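The values are calculated or read from the model by the stated rules, or taken from the named source; none is laboratory data. The model shown is predicted, which means the values in this text are computed figures rather than measured ones. Note: ideal-geometry Cβ built from the backbone for every residue, glycine included; neighbour counts use all protein chains shown.
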Amino acid sequence: MRTIPLALPGAMLIEPAVFSDVRGAFFEAWSERAFAAAGIDARFVQENVSSSKRHVLRGLHYQVSQAQGKLVRVLAGAVFDVIVDLRRSSPSFGRSLNVSLDAGEPRSLWVPPGFAHGFLALDDDTDVQYKVTDFWAPAAERTLAWNDPALGIPWPLSAGTEPVLSEKDRRGQTLAEAETFP
């Protein structure tokens with residue numbers, strides 16, 4: 001397993017060792033021991049899978065009182081994945097970072113607690129799997145506005161193309177309005 005630290009402290013890409021032969025391939029998607037050795041000492045309590053059509057934008061989601069670390073991987077299709085550091089004590093507070101994840105490359109994104117997370121599906125029938133370190137808590141859930149100019153996220157949408165959003169995601173708050181972490 002290879003870990004690639006990203007520009008926002010604590011976030012990283014994880015590339016597993018893939019073993020291929022004439023039958024196909026095998027890799028460990030999660031190993032508590034290997035991840036702990038890489039600095040990710042996480043206990044996952046829930047695993048979620050979302051299915052999305054092209055141009056569906058989910059996020060930017062986070063939970064305030066039950067902050068979740070997330071291990072994100074694409075099972076089918078591809079996404080433009082975005083994280084935003086919402087930790088006021090962090091030197092990268094308010095900064096966003098984006099990575100491309102797709103089913104053809106079995107890598108994962110580690111999103112530490114204290115970050116908002118979201119993605120834009122780039123293909124039809126895109127399936128995203130994410131393990132989380134705390135349970136979903138509707139009362140603690142918050143949504144950061146996906147299109148807040150202060151974040152400067154370069155969503156890969158063609159001119160005139162609007163993303164498909166849930167009502168919750170339409171009502172996201174700007175960074176200036178959002179509840180954040182110490």
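The C-beta contact set for region 94-108 (first residue modelled with pLDDT under 95, second residue among the aromatic types (F, W, Y) and surrounded by fewer than 17 Cβ atoms within 10 Å (Cβ to Cβ), distance under 8 angstrom, 6+ apart or interchain) comprises P106/F27. Of the residues screened, W136 is not one that is farther than 16 Å from F181 by Cα, in contact with a Phe, Trp or Tyr (Cβ under 9 Å, 6 or more places away or on another chain) and not β-branched (V, I, T).
Considering only region 133-156, I want to know if a residue exists there that is outside any loop (DSSP other than H, G, I, E, B), out of contact with any helix residue (DSSP H, G or I) (no Cβ under 6 Å at 6 or more places or on another chain), within 25 Å of I14 (Cα to Cα) and not basic (K, R). Taking every residue of region 133-156 in turn, none turns out to be outside any loop (DSSP other than H, G, I, E, B), out of contact with any helix residue (DSSP H, G or I) (no Cβ under 6 Å at 6 or more places or on another chain), within 25 Å of I14 (Cα to Cα) and not basic (K, R). From the list G160, G118, G172, G104, the one residue that fits, being on the phi > 0 side of the Ramachandran plot and either among the small types (G, A, S) or under 16 Å from the mean Cα position of the chain (by Cα) (or both), is G160. Looking across region 36-65, the residues that are of a type outside the set (A, V, I, L, M, F, W, C) and assigned to a strand (DSSP E or B) come down to Q46, E47, N48, S50, S51, S52, R58, G59, H61, Y62, Q63.
Is region 14-32 home to any residue that is assigned to a strand (DSSP E or B) and in contact with a Lys or Arg (Cβ under 7 Å, 6 or more places away or on another chain)? Yes, region 14-32 has at least one match.
Every condition in (1) surrounded by 18 or more Cβ atoms within 10 Å (Cβ to Cβ); (2) farther than 19 Å from V128 by Cβ is met by R23 except one, and the failing one is (1).
Cβ-Cβ contacts under 8 Å between residues 6 or more apart (or on different chains), taken from a first residue in region 19-30 that is touching a residue at least 12 places away in the same chain (Cβ under 8 Å) to a second residue that is of a type in the set (D, E, K, R) and assigned to a strand (DSSP E or B), are listed as A29/R73; W30/K131.
Residues are listed down the side, and each one gets a yes or a no for (1) surrounded by 14 or more Cβ atoms within 10 Å (Cβ to Cβ); (2) among the acidic types (D, E); (3) touching a residue at least 12 places away in the same chain (Cβ under 8 Å):
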| residue | (1), (2), (3) |
| --- | --- |
| L60 | yes, no, yes |
| S65 | no, no, yes |
| Q68 | yes, no, yes |
| V72 | yes, no, yes |
| L122 | yes, no, yes |
| L151 | yes, no, yes |
| R170 | no, no, no |
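Residue under question is A78, and the condition is that it be in contact with a Leu (Cβ under 9 Å, 6 or more places away or on another chain), of a type in the set (G, A, S) and modelled with pLDDT of 95 or more; does it hold? Taking the combined requirement at face value, the residue satisfies it.
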